[in-house]
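Rule-based calculations on the coordinates, nothing more; no lab input. Fair warning: this is a prediction, and the values are worked out from it, not measured in the lab. As a convention, Cβ positions derive from the backbone with ideal geometry for all residues, glycine included, and neighbour counts pool all protein chains shown.
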Amino acid sequence: MTKPNNKTWKTVATLNNYASAIAMKENLLNKHTLVKIKRGYPNIFRIKVWDPLVKKSKNKEISSTLKKKKIKKGRNNRRVEKNVKSNEKICSR
């Protein structure tokens, strides 16, 4: 099932007459993707703008120490670092 695409509009200005609202809307059309004028009571005009969300790039950079040892993130590093030849356990004494 797909998520509904709800747009979050931001109110930029609130004006008292429609002529000044149209003039401001024409100026904002160059800067924003969508611009609309909403009428309120009594004789209030709100100018709202919307821009699409910026997509973030996925940058999965693992720290250099984990990358060198080829240890997955979240594993118990002390267990991996124990001496395998003598099979000594690392104790916290």
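Mind checking the dipole of region 10-50: about its Cα centre, +1 per Lys or Arg Cβ, -1 per Asp or Glu Cβ, Debye to the nearest 20? Present the calculation step by step, with values, prior to reporting the outcome.
On the way: 8 positive and 1 negative charges, 36 e Å.
Charge dipole, region 10-50, about its Cα centre: 180 debye, nearest 20.
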What nm value, rounded to one decimal, do you get for the distance between residue 7 and residue 38 when each label is placed 7 Å out toward the C-beta? 1.2 nm
Quotient of Cα Rg and 2.2 N^0.38 Å for region 10-50, N being how many residues it contains: 1.04
